[in-house]
Every structure is written in structure tokens, then in C-alpha cells.
1. Hey, can you find the accessible area per residue of the chain for me, probe 1.4 Å, expressed in square angstrom?
2. Quote the accessible area belonging to Thr51 in square angstrom, nearest 10, computed with a 1.4 Å probe and with ligands, DNA and RNA left uncounted.
3. Give a residue-ordered list of calculated ³J(HN,Hα) values for the stretch 35-45 (Karplus: 6.51 cos²θ - 1.76 cosθ + 1.60, θ = phi - 60°; whole Hz; x for Gly, Pro).
4. Quick check: at a probe of 1.4 Å, how many percent of the accessible area of the chain sits on carbon and sulfur atoms?
5. Grab the DSSP H runs of the chain that are 4 residues or longer, score each as -39,500 (n - 2.57), total them, divide by all residues and round the 222 nm result to the nearest 500 deg cm²/dmol.
6. Under a 1.4 angstrom probe, counting protein chains only, how are Val19, Val55 ranked by accessible area, largest first?
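The values are calculated or read from the model by the stated rules, or taken from the named source; none is laboratory data. Keep in mind the model is a prediction, meaning the values are calculated, not measured. SASA here: full protein model, heavy atoms, side chains in, ligands and nucleic acids out. Shrake-Rupley method; radii C 1.70, N 1.55, O 1.52, S 1.80 Å.
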Amino acid sequence: MLFKAWQLFSSTLAAFLGVQSDKNRLRDFQTSSPIPFIIMGIILAAIFVITLLLVVKQVLA
């Protein structure tokens with residue numbers, strides 16, 4: 001289970017950054033549901049936005 005969670009995180013992060021390998025992309029498209037990738041993408045986007053807000057708040061303070 002932990003390995004699958006790590007694969008989900010690393011695949012979503014690689015796709016988020018645009019550096020996904022073809023082998024991993026093909027593996028990801030063989031999964032039965034895109035829902036875990038969508039949820040992880042929303043979580044990563046939220047973390048990114050929160051991090052940006054915190055950095056800007058620190059710079060302006």
C-alpha cells in the first residue's frame with residue numbers, strides 16, 4: 001500500500017512538473033480509475049498555493 005501511495009505521489013508530482021517518463025505514463029494510464037490522480041493533483045496544487053502565500057507573506061512582512 002505504501003509503495004502504491006508513493007507511486008501515486010511521484011507520478012502526480014512528475015506530471016505536475018511536466019517531467020513524466022513515457023514508461024511511468026503508460027503504467028499510470030493502465031489504472032482503472034483516474035480519481036486518485038485527480039485527488040492527489042488537487043492536494044499538490046493546494047500545497048503549492050499555500051506555500052506561495054506563506055513565502056509572499058514572509059517577504060512582505
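1. Ligands and nucleic acids excluded, the figure is 84 Å² per residue.
2. Roll a 1.4 Å probe over it and Thr51 shows about 70 Å².
3. 4, x, 5, 5, 4, 5, x, 5, 4, 5, 5
4. Taking all protein chains in place, the chain shows 76 percent carbon and sulfur surface.
5. Taken over the chain, the calculation gives -27500 deg cm²/dmol.
6. The most accessible residue leads, giving Val19, Val55.
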